[in-house]
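Every number in this text was worked out from the coordinates using simple rules, so none of it is lab data. Quick caveat, the model's predicted, so the values are computed rather than measured.
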Amino acid sequence: MGKKLLPAPLAQGYENFRTGRYTDERDRYLKLADKQKPTVMIIACCDSRAAPETIFDAGPGELFVVRNVANLVPPYAPDGKQHSTSAALEFATIALGVSHIMVMGHGRCGGIAAASAPEFNPLTAGDFIGKWIADIKDVVTNTPVPDACCADEKRTLIERASVEHSLANLRTFPWLRTRENQKELTIQGTWFDIGLGELHVFDEANQTWLKA
């Protein structure tokens, strides 16, 4: 019956899950049904090629993952409006008590490409994407780019600068900043090269990016 209710690829994937991973880890799933206790939160892009659970070979319950266009962290803004990423940060930090938060960017990011375009054409009349990436327009403008950089190198520089910008925005959340200052929480920026399968880590102390 499931095969008729779901698109074929999803139906087959679900069947594989039920007969494979779920069967192998049934006890784990039964325990997770009552409570989750991940220690790591990852803020990643919606891009289908850069899934944190795959990159870090994580099992169920190990990672608390939030994905949005261009893996952005907005600044702290308790204005009464809806803020899904901020709500997830609040839940992960205060309710779950995660001890590590990672912002993970990636190569060939469509959201960063849109923010970098001289003229961005809205996809719809509402232009949700344009409004969402507006916060990183200054990042695009202020990122130093050597004259000799090719287009791909320039995009990588901006993708990484955007991660650094999100790290700064993380520290505008008072309860997160307090936990970091008390050594109860660490934050980190990373960037994933899709084609090479390589993860690069931002060394904040030296302001450099290093291959993991």
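Values computed for the structure shown
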read-out: 26 Å Cα-Cα reach of Lys81 towards lysines, excluding residues that sit fewer than 8 places from it in its own chain; value: Lys131, Lys137
read-out: Rel. contact order, % - alpha carbon contacts under 8 angstrom, at least six apart, region 1-115; value: 29 percent
read-out: GNM result for the chain, Cα springs below 10 Å: residue of Pro118, Pro174, Pro52 fluctuating most strongly; value: Pro118
read-out: Region 80-186: relative contact order in percent, alpha carbon pairs under 8 Å with at least 6 residues between; value: 34 percent
read-out: Pair-distance profile P(r), taking every C-alpha pair of region 59-116, with 10 angstrom steps and integer %; value: 18, 46, 31, 6
read-out: Gyration tensor over alpha-carbon atoms, the chain, equivalent ellipsoid semi-axes in Å; value: 30, 23, 18
read-out: Percent RCO, i.e. relative contact order, over the chain, from Cα pairs under 8 Å lying at least 6 residues apart; value: 20 percent
